[in-house]
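The values are calculated or read from the model by the stated rules, or taken from the named source; none is laboratory data. On a predicted model such as this, the values are computed, not experimentally measured, just so you know. Every residue, glycine as well, gets a Cβ built from its backbone with ideal geometry; the counts of neighbours run over all protein chains shown. For accessibility, only protein heavy atoms count, side chains too; no ligands or nucleic acids. Shrake-Rupley method; radii C 1.70, N 1.55, O 1.52, S 1.80 Å.
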Amino acid sequence: MDKITKQTQGIAIDGNIKGLSDVNEIKETITSYNLKNGDRFYIEINNSFAMPSAMIGYLMKLVEQDKVNLTVQISDERLVELLDDLGLTQAFNIKTKSIA
């Protein structure tokens, strides 16, 4: 992963999300927002075709346990298809972002 950019109600992730160190950095960044039940949070994933299972599990916890209204915007069609195959399109409110 290249970098995480904090935004008002979310984060932008640039580069391929590879291992646990990337996942832990993303988790720490999201935790810093102190999200509560009903909060909206936005994750933009640029240039990543993969997502470690630990990341998927963490996002599921955000949605299912913490009741965060999550939107994930993804630029790589392969990652969109992977998460769709796992049945997570609705849970993560996945949007496709085309790269110009």
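For the reader, a short list of remarks on this structure follows.
- The loop-placed trypsin sites (Lys or Arg not before Pro) in the range 46-93, going by DSSP, that have at most 13 neighbouring Cβ atoms within 10 Å of their Cβ come out as K67.
- Antiparallel DSSP beta bridges within the chain, percent to nearest 5: 25
- Ratio Rg/Rh [Cα only; Rh per Kirkwood] for the chain: 0.92
- Under 10 Å, Cβ to Cβ, from D39 - net charge with Lys/Arg +1 and Asp/Glu -1: +2
- By accessible area, using a 1.4 Å probe on protein heavy atoms only, the range 27-100 has 47% of its surface on carbon and sulfur.
- Solvent-accessible area of E81 with every protein chain in place, 1.4 Å probe, in Å² to the nearest 10: 100
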